[in-house]
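The values are calculated or read from the model by the stated rules, or taken from the named source; none is laboratory data. Predicted, not measured: the structure shown is a model, and the values here were computed from it. Neighbour counts are summed over all protein chains in view; Cβ atoms, including those assigned to glycine, are modelled from backbone coordinates with ideal geometry. What goes into the accessible areas is simple: the full protein's heavy atoms, side chains included, and nothing from ligands, DNA or RNA. Shrake-Rupley method; radii C 1.70, N 1.55, O 1.52, S 1.80 Å.
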Amino acid sequence: MGSNMAECHPVAFRWPLKARTDHDAVLMHVDPRFTRTSAACDVHVPIRAGSDIVFLGAIINHVINSKRWNEDPFFREYVVNYTNAATLVNPEFKDTEELNGVFSGLAPNGKSYANASWSYQRNAAPAKGKGGLGPFSDLLLQQVPGRPKTDPSLQDPQCVFQIIKRHFARYTPDLVGRVCGCTPEQFLKVADTLLNNSGRDRTSNITYAVGWTQHTVGVQIIRAAAMLQALLGNIGRPGGGVLALRGHATIQGSTDIATLYHSLPAYLNMPDGRKNHETLKDFILTEAGPVATSYWGNYPKFAVSYFKAQYGAAATAENDYGYNYHPRITGDHSHMPMMLDMAAGKIKGFFVMGQNPAVGGQNARLQRKALAKLDWMVVRDYFETETAAFWRNSPEVLSGELKPADIKTEVFFLPAAAVAEMEGSFTNTQRLLQQHDKAADPPGDARSDSWFTYRLGKLLKEMYRDSPLELDWGIKNLAWDYDPEPKEVAPWRIKDEPSAYKLLKEINGYTVADQKPLATFANLKEDGSTICGAWIYTGVVPEEGKNNAARRKPDDWISPNWGFAWPANRHIMYNRASADSQGNPWSEAKKLIYWDPAADSGTKDPAGNPVKGKWVAPSGEGIDFQPTKAPGFIGKDAALGFDWLSGNDAFIMRPDGKAWLFVPAGLVDGPLPTHYEPYESPVKNLVYQQQVNPVAKVWQVNGNSYHAVADPKFPIVVSTYRLTEHHLSGTMSRWLPWLAELMPELFCEISPELAQEKGIKNAEYVTIHTARGEIQARALVTRRMKPFTIDGKKVHEIGIPWHWGWQGNAAGDVANDLVAMVGDPNVSIHEGKVFTCDIRAGRKGGRI
Amino acid sequence: MKLSRRKFLKVTSGVVGGGVAAELGLLGVNTAAAAAKANKVPIKKGKQVPSICPYCAVGCGQIVTVSDAGEIVDIQGNPDSPINQGTLCPKGSATFQLVKNEERWTTVKYRAPGSDRWEEKPLDWAMHRIAELTRKTRDANFNEFQDLPDGKGGTVKKRVMNTYALASLGGATMDNEWNYLHQKLMHGLGVVYLENQARI
């Protein structure tokens, strides 16, 4: 769901196809459009864009009320041991059933939630734990709360399971028919196939892509899938899981080692002026306190090692490791508000490297106009992208709305090296780090991205070298020493390329005393004696000179010696759940890791006798659990991290060790997925009185108008999407003759019914418009698109690929000119997969 | 049913070819302009360097072939990779043209404020100018402290050590090593408008 895998990730799609041919796997595709993926699947169910939570919620309802789920002991054992189904929730909690579609805690203005009522019921806090772990850990230990209260019989009305049962009771096959627009029979086929292919001997997988993320309820759609998979016992097991198909070579890496405003590398939060983050101690206690009974109990080690990496020798215990000099965020500084602040003239200088917001940005017209407000901009890319050329020939310049003479932006274009022209690593969508070697120098003045940032940093550090000012301490003391060893650059013309190895070694972490790489994140310290850029990558450089991302020994299953899967070469996360509560494999067919009571653990008891028993993985898979913790081990109450977690707490990154069916903290829009209509929709919400996600991110500014619910001027639903022949905003494809030839022109997929209503003929031009913009495209009238009947009303949907811009060998209008800036409240992603529009025959300006 | 490798490729090839592109051809869309620029398929001969496909996040292995003269002459799927076993999709198969492309810019271009044209500039000049602009913009717009809501309806002076005048937007096909280096420099400067394609 939410993915056209055959088109957008075709090589990965070979594997489900192989599973079908070799193992009779059933492939099902639930998507508004009939795509290349649908054509290759056994089942295609069309649903209206934005109705996913109704479909998934109804599967959850169907599953937990089914005979199979209630009678097969597998499901009960998995759910009671590995999820929070049995946990009791605060009696103050009120569900959407009681509050007309919102949860308890909604602020009087309806724009934000306080989540205190979503919390667990807990036993009394334990007696304070003994110190001696470290300066910050000792403080965390004093904050450990009591264990959550549970009812393993799942009967208590306040237990998570009963709350879920009530919450999803109204998500019926009939409701699916009315809201999603498919038939109840089509729905039941999918629900039963999933249920019947989950259990002790079989697992099912759910795969998604940006078709699920780009919504005002994007996070909650994915949550619904994760809940369903947890209820079906499909997490942590081979063939199970929820797979995100991400779209860029190292988009996972740029999330892990975040160049994102809210995150430090390896999922530490960014210091925030609005929180109690005054000192490093405040920061650690605020961020780690609520999660310290998970593996995040090691937060002090991760944080101190990060600040040591940042400021090197200048970071000391006395100066809080330089924490005082590190920037704090003060609000949402993500892509959309950043471009809006740029449009308002607040941002003066802009680095755009390898992205093309003039085409790829939501409400791209507004983003192009924002670029004209800058004092200066640096673009680094291969070709003269639309972003680089906005001042010269953008639609706004051609129309006379902007004049080059009035655009004061000083623009630099710096040519970039191609991947084959530099050494480095990518992290793929399965968390696998893979090294690419350098094959040749880049041509002319083209340089690697790292070269640019390293050189810029050197020049700036020179400028601030003698500054006595406190505000310059951070840049002055930034540890910045990645000059290559002579042998690294000996074969090449360019001699000042920073050392990719030194960078990866710092990301991996090493000891301060002897610069020795850390083999595992278990060796990190909170006393300043280790440096580590991103703890989750520790192990990629386990010893000096060894790069596990460059391992290239495949096998016929997990291939543990091909690249390096973070964390610690674990390919299937939470794989403790691949064994039952006693540690035995659920079945021979689904064996992955299990407890071997006879194996030598490698440790000795106080009397010096070898201790028996450890987790084993014949495939070489990394074990995502404490290797010698027996399944029956009971965690200590006054403890942090692994010491608190018990032998069946498989979900080691959660502070209760369980998969979260109900989310007590961490989401801003509710503890359970709930159907809200897209921000722009042709229909009213048929499930609740509340129309849209009440806390969705909305920006009511000039140039970003929204359409009303069921607005007669904009009656048609539209999704933007991608094609196999192009990449994103087209920078890496529209300039390539082979790809430009394969897919030369922008088109719009339209159903024959809509074409007839609007007098549109196949291959002729159509104009699509919204309150934000207007574009023209060729009409592709196809039976792949079908109108939906939503509660008796006909709803048309069209689809537009968004790869085109005015530059390159395949030029066309910018589909993102149509899109509004409106976003998911948890992650500020935009709602590009569903909004409303109108369409007419003919080109812009009335031409045919 | 077990499939031979050859038969498997046959089964799966339908996925990546044809489809919408073929339909557009039938629509009469003119591909001549693009076709005229299509390069000849190079010969695979020379030193083989392991690489990774620069497009989507599947992470297909590639082999870059380099001639004796040190030029990249071919890029194909790596048959050893357990991910793609030598196959590539249309984009991956076209990677060679991303490297060897007449339209690729290989010199620094500069557009002065208000100008209607690009000028060519030396790389070193551009780097010094960019560093100077970065410093000036930062120094003129740096906040050590800021009044922020105290949660009780008032405000309180908090340490922020940041600048809102600089912004950075990166792509997600750039190395892990660059991401690390770049976040480090931006955080060193106090930049908080730090974003990446990974957001969207």
Taking all pairs of different Cα atoms in the stretch A:680-769, averaging 1/r and flipping that mean, what Kirkwood radius in angstroms comes out? 16.8 Å
Residue A:813 accessible area, 1.4 Å probe, all protein chains in place, Å² to nearest 10: 40 Å²
Using r as the Cβ-Cβ distance of residue A:604 and residue A:192, and R0 as 41 Å, what FRET efficiency do you calculate, to the nearest 0.05? 0.20
With all protein chains modelled, accessible area of residue A:796 [1.4 Å, Å²]: 20 Å²
Going by accessible area, probe 1.4 Å, with all protein chains left in place, what is the ranking of B:159, A:772, largest first? B:159, A:772
Give the relative contact order (percent, whole number) for chain A; include only Cα pairs under 8 Å separated by 6+ residues. 16 percent
Mind running the shape call on the stretch A:610-657? Use the C-alpha gyration tensor, a ≥ b ≥ c as the square roots of the eigenvalues: rounded below 1.5 for a/c, prolate if a/b tops b/c, oblate otherwise. oblate
Using DSSP to call loops (not H, G, I, E or B), can you name the trypsin sites (Lys or Arg not before Pro) in the stretch A:633-714 whose Cβ has at most 16 other Cβ atoms within 10 angstrom? A:636, A:684, A:713
Cα lying deepest toward the dipole's positive end in chain A, options A:8, A:712, A:453, charges on Cβ: A:712
Charge dipole of the protein assembly as shown built from unit charges on the beta carbon (Lys, Arg +1; Asp, Glu -1), centred at mean Cα; most positive-end Cα among A:358, A:542, A:520 is A:358
Ignoring any ligand, DNA or RNA, what whole percent of the accessible area of the stretch A:506-592 comes from carbon and sulfur when the probe is 1.4 angstrom? 49 percent
Charged-residue dipole, Cβ positions (Lys, Arg, Asp, Glu), the stretch B:140-200 about Cα centre, Debye nearest 20: 240 debye
Order the following by accessible area, largest value first: B:132, A:470. Probe radius 1.4 Å; ligands, DNA and RNA are ignored. A:470, B:132
Antiparallel DSSP beta bridges within chain A, percent to nearest 5: 60 percent
Please compute one quarter of the surface area of the Cα convex hull for the stretch A:411-502 and express it in square nanometres. 8.3 nm²
Give the accessible area for residue B:56 in Å² (nearest 10); use a 1.4 Å probe, count only protein heavy atoms, and leave out ligands, DNA and RNA. 20 Å²
For the stretch A:459-503, give the magnitude of the charge dipole about the Cα centre (Cβ charges: +1 Lys/Arg, -1 Asp/Glu; no others), in debye to the nearest 20. 160 debye
Given a 1.4 angstrom probe, what's the average accessible area per residue across the protein assembly as shown, in square angstrom? 35 Å²
Backbone N within the stretch A:495-518 under 14 Å of label point (7 Å from residue A:544 Cα along the Cβ vector): A:502, A:510-518
Assuming a ≥ b ≥ c are the square roots of the Cα gyration tensor eigenvalues, decide whether the stretch A:697-846 counts as rounded (a/c under 1.5), prolate (otherwise, with a/b larger than b/c) or oblate. oblate
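Using unit Cβ charges (K, R positive; D, E negative) and no other charged atoms, how large, in debye to the nearest 20, is the dipole of the protein assembly as shown about its Cα centre?
Roughly 1220 debye for the protein assembly as shown.
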Which of A:130/A:281; A:130/B:158; A:403/A:844; A:591/A:629; A:189/A:697 exceed 27 Å between C-alpha atoms? The answer is A:130/B:158; A:189/A:697
Per its Cα gyration tensor (rounded if a/c is under 1.5, else prolate when a/b beats b/c, else oblate), chain A is best filed as oblate
Helix-only mean residue ellipticity at 222 nm, the protein assembly as shown, DSSP H runs n ≥ 4 weighted -39,500 (n - 2.57), per residue, nearest 500. What is it? -7000 deg cm²/dmol
Would you be so kind as to identify which of A:349, A:317, A:372 lies farthest towards the positive end of the dipole of the stretch A:315-376, taking Lys and Arg as +1 and Asp and Glu as -1 on Cβ and the Cα centre as origin? A:372
Along each principal axis, Cα extent of the stretch A:17-175, largest first, Å: 61, 45, 35
